[in-house]
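Below is one structure, written out as structure tokens; the observations come after it.
Since every read-out is calculated from the coordinates, none of them should be taken as a lab result. Quick caveat, the model's predicted, so the values are computed rather than measured. Positions of Cβ are generated from backbone atoms using ideal geometry, with glycine treated the same way; all protein chains shown enter the neighbour counts.
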Amino acid sequence: MPVPPVEQRQPLHDRLARSWRHLDFFEYEAHLHAEVPRVACTDCGKVTQIPVPWAREGSHFTLLFEALTLMLAPTMSVLAAGRVLRVRSPRLWRVIEHHVAGARQGESCRGSCRRRR
């Protein structure tokens, strides 16, 4: 049975402390900390975290940090971008791969692809 959308009022289950890496403030790393509410479905009992507007679901970076990552990626190696952002490159690769997969999912080659004979 699917869980109803968050827009439908559900009772508050608890709050979960979360943090996200944000853009640096001069030479200092900035992290956003918040207690994110979780709601319990009254039908099935599944507990779901409310989405936050500053980060995509499952990410440990803010959307602005991810945008900067995507701006740096075409101009330098991911290793160099990791040094600039002070983040290990595998974490940046996950951000890049997520957004590239989303972009590829939305593209269509109808009319521009040739059939192989």
* Structure fact -> In whole Å, largest first, the alpha carbons of region 12-106 cover along the principal axes 49, 35, 19
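First select every other residue whose beta carbon is under 13 angstrom from the beta carbon of Q49; then total the charges, Lys and Arg +1, Asp and Glu -1. Present the calculation step by step, with values, prior to reporting the outcome.
Details: positive: R15, R18, R38, K46, R56; negative: D14, E35, E57.
Every neighbour counted, the sum reads +2.
Computed FRET efficiency, Cβ-Cβ of T75 and L12, R0 41 Å: what is it to the nearest 0.05?
Numbers: r = 44 Å, r/R0 = 1.08.
After rounding, the FRET efficiency stands at 0.40.
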* Asked: Applying 1/(1 + (r/R0)^6) with R0 = 35 Å to the Cβ-Cβ distance of E29 and Q49, what FRET efficiency is obtained, to the nearest 0.05?
  -> 0.90
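Work out, step by step, the length gained on full extension between A103 and R88: first 0.36 nm times the residue separation, then minus their alpha carbon distance; give nm to one decimal. Each step should come with its number before you reach the end.
Values: separation 15, 0.36 × 15 = 5.40 nm, distance 2.36 nm.
Additional length available on full extension: 3.0 nm.
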